[in-house]
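Written out below as structure tokens is the structure these notes cover.
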Amino acid sequence: MSAFCKQEWNFFSGREAGQNRKKNNRYLPGVPDGAYGAGADLLFPSCENGREFDTFPNEKQRISRMNAYIFLSNLLFLYIGFFGFLCYNGIEVKKLKVNTSKSKNAESFYIKQSYIDSNGKSTSRTIRKLGTLKELLVEHGPTRDDVMAWAKEQARIETEKFEQEKANHCIPITFHPNRKIAHGEKRKFQGGYLFLQSLYYELGLNKVCRKIRDKHHYDYDLNAILSDLIYTRILEPGSKRSSFETAKTFLEAPTYQLHDIYRALNVLSEECDLIQSELYRNSKSVLKRNDGVLYYDCTNYYFEIEQEDGDKKYGKSKEHRPNPIVQMGLFTDGDGIPLAFSIFPGNQNEQTSLKPLEKKVIEEFGCEEFIFCSDAGLGSENNRLLNHSKKRSYIVTQSIKKLPEEYRTLALNKKGFRCLSDHKAVDLNSLTDDDKEELFYKEEPYSSKKMEQRLLITYSPKYAAYQKEIREKQIERAKAMLSNGRHKKNRKNPNDPARFIDKTAVTKDGEMADILYFLDEKKIAQEAQYDGLYAVCTDLFDDEPEDILKVSESRWQIEACFRIMKTDFSARPVFVQRNDRIRAHFLVCFLALFIYRLLEKKLKRKYTCEELMSTLRDYEFADVQGQGFIPIYESTKLTDALHEVAGFETDYEFLTKRKMKEIQKLSKQSREKS
């Protein structure tokens, strides 16, 4: 019994316990030397002190000390289990690696694991002893390099085992049905911004904010403010105060204050041009920009005020509202992704807004060779001449009604057309039902006062049928107005049914008579002759008609941009009043539109705006007792696609806080070019 005592129980002596653990590399971090032996010295004095294991003063004392030993053992296992939980949930664990130690007689190989403990200190522990070099050479030799290669493979296998165990571990969470929720405790968080954040950082907007910070002196975080304003504009648009409150629901709550937002707006306005040009340059490393074609269009936004002030002027509102407005000019590339914008007074002619913005695009963005495309309202002769150069060309729509009589007669002549699909000559008077899906065209040289142009006139039977159907419904409404005696005095809307109503106040002999309202058949016939016709002017004389028409037909993309900003991003009414803050507000809207359109492109335009916006806004997480998060959104193919684009996944039953921090970190990293 004495031999047993000397071999086993001396291990628990306070003096030798630390030495034995260090020698065998079998100790836990954070446990002080002697922790194993301190209690054991009291319970089981060492044999070296002259006491035998089985020699106790009495049976009662022996049982008491045995119970105490069992208690300490259980406490030790609880410590091990708790430490293991921390390794999975609260401590950063690094991958396993091979470590060697040399003595006078041998070189030993170990697999060790480095980690950061709860105090933030870097330490390590031994996972497995592989053996000495002499022992390992027998099976894994013949050289030390062969042994090291085998040892590294073992470390890789152990790393995979560890990661698998970590991924499959379960976390017990207790809920108390009788315990009330504390006031002010947030349990639901918005996570859809993570996908927007991944694009924000991929575009390098954080670096742009850093450049701006070096030029200005302020103590707030411009990057955090700008990013949150963009995310909230997409997810829950509203005023700046409302955006600040919305940002508080994000997984990463803001650390700035509301007054910092308004101060940041001044800086954003001042650096508006810089941000746009830097965004364009950075975007070229993210995706291939289709800047060979640039679309330009204008719209306006109203303010809920009655007095003009600054750039807020009374003008022709696109929404027919009697409020002061400001106007926006917008350039997009051939894929409908925004390029640049400008803000100008509400009473300014929108045709004059093109030249200064185009000059900025050429000089600051470096876009010198492109085809300019716009609608007829912005395609004035001066704007066409501006883009009539060696490096630039234009394609603009042309109103057939506003053509000189000579060219209008040519356009209305139904002969001389060709089928776009096979270029065969066609007489529009001889079309059949089989031709209703075809598109027909003819081209004429068109000379204006300042330049020679190419006029393309197209005819679509399908579009003609649509226009005829709409007009017939308007005629029915006009007849109803005549029968009811309700006649509008002002007919400003070109689609107003009252335009088909005319009046006369004289007899055939020229005598005065009562005012008589009647249906203007002549007006109806005049409009009918333009059904299905559409015209385009260009200075591209060598390009194929189908290529020119394809560019012109894609103007819908810039119109979609305005619809998204006004409807989905609620860019109006505008709540800020100062000119600089108005400009900053529309800069945020512009950046939000850019990120949204980029996300659409990365998703290969497979999803509608409504589907994408709904998914992002419903992408929420529930906090579970501070241990982690449970996704409370619906997992779909769209969420899978979003994860693939962003480079992280959240579709798990439970996400620890550590895992969520990793996801947040991933959302701020750049990825390869699309």
Worksheet item: Assuming Asp273 fulfils every condition listed in (1) among the charged types (D, E, K, R); (2) under 30 Å from Ile663 (Cα atoms); (3) open to solvent by 20 Å² or more (accessible area, probe 1.4 Å); (4) not in a loop (DSSP other than H, G, I, E, B) apart from one, which condition is it?
Response: (2)
Response to the item:
Counting only residues that are open to solvent by 10 Å² or more (accessible area, probe 1.4 Å) and of a type in the set (Phe, Trp, Tyr), region 197-235 contains a total of 3
Discussion item. With the requirement that a residue be outside any loop (DSSP other than H, G, I, E, B) and open to solvent by 10 Å² or more (accessible area, probe 1.4 Å), what does region 569-584 give you?
Written reply: Asn579, Asp580, Arg581, Arg583
Worksheet item: Of all the helices (runs of 4 or more DSSP H) wholly in region 354-451, which have at least 2 residues that are loosely packed, with under 13 Cβ neighbours inside 10 Å and not hydrophobic (A, V, I, L, M, F, W, C)?
Response: 354-364, 405-412
Worksheet item: Is it fair to say Asn347 is touching a Gly at 6+ places or on another chain (Cβ under 9 Å), open to solvent by 40 Å² or more (accessible area, probe 1.4 Å) and not basic (Lys, Arg)?
Response: yes
Fill in: Number of the condition not met by Phe244 [criteria: (1) aromatic (Phe, Trp, Tyr); (2) more than 25 Å from Phe629 (Cα to Cα); (3) assigned to a helix (DSSP H, G or I)]
(2)
Response to the item:
When His259 is run through (1) surrounded by 16 or more Cβ atoms within 10 Å (Cβ to Cβ); (2) free of Cβ contacts under 8 Å to residues at least 40 places away in the same chain, the failure sits at (1)
Fill in: Residues (among the small types (Gly, Ala, Ser) and either surrounded by 10 or more Cβ atoms within 10 Å (Cβ to Cβ) or part of a helix (DSSP H, G or I) (or both)) located in region 167-196
Ala167, Gly191, Gly192
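Can you find even one residue in region 613-624 that is β-branched (Val, Ile, Thr) and assigned to a helix (DSSP H, G or I)? Full working, then the answer.
From region 613-624, those β-branched (Val, Ile, Thr) are 615, 624; that's our starting set.
Then drop every residue that is not assigned to a helix (DSSP H, G or I), which leaves 615.
Yes, region 613-624 contains at least one residue that is β-branched (Val, Ile, Thr) and assigned to a helix (DSSP H, G or I).
Among what's in region 616-660 and is of a type in the set (Ser, Thr, Tyr) and closer than 21 Å to Ile234 by Cα, pick the residue that is most open to solvent (accessible area, probe 1.4 Å). Write out each step before concluding.
Restricting attention to region 616-660, the residues satisfying the condition of being of a type in the set (Ser, Thr, Tyr) are 619, 633, 635-636, 639, 650, 652, 656.
Next, from what is left, pick out any that are closer than 21 Å to Ile234 by Cα: 619, 633, 635-636, 639, 650.
Details: Tyr619: 2, Tyr633: 34, Ser635: 73, Thr636: 48, Thr639: 1, Thr650: 0 Å².
In this case the residue turns out to be Ser635.
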Worksheet item: Has region 596-610 got any residue that is part of a helix (DSSP H, G or I), open to solvent by 30 Å² or more (accessible area, probe 1.4 Å), over 26 Å from Leu222 (Cα atoms) and among the polar types (S, T, N, Q)?
Response: no
Fill in: Pairs with Cβ under 9 Å, 6+ apart, first in region 617-629 and in contact (Cβ under 8 Å) with a residue 12 or more places away in the chain and among the acidic types (Asp, Glu), second open to solvent by less than 20 Å² (accessible area, probe 1.4 Å) and in a loop (DSSP other than H, G, I, E, B)
Asp618/Gly192; Glu620/Gly191; Glu620/Gly192
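The values are calculated or read from the model by the stated rules, or taken from the named source; none is laboratory data. Since we're looking at a predicted model, the values are computed, not measured. Counting neighbours? That spans all protein chains shown, and the Cβs are built from the backbone with ideal geometry, glycine included. Note: accessible area is taken over every heavy atom of the protein model, side chains too, but ligands, DNA and RNA are not part of it. Shrake-Rupley method; radii C 1.70, N 1.55, O 1.52, S 1.80 Å.
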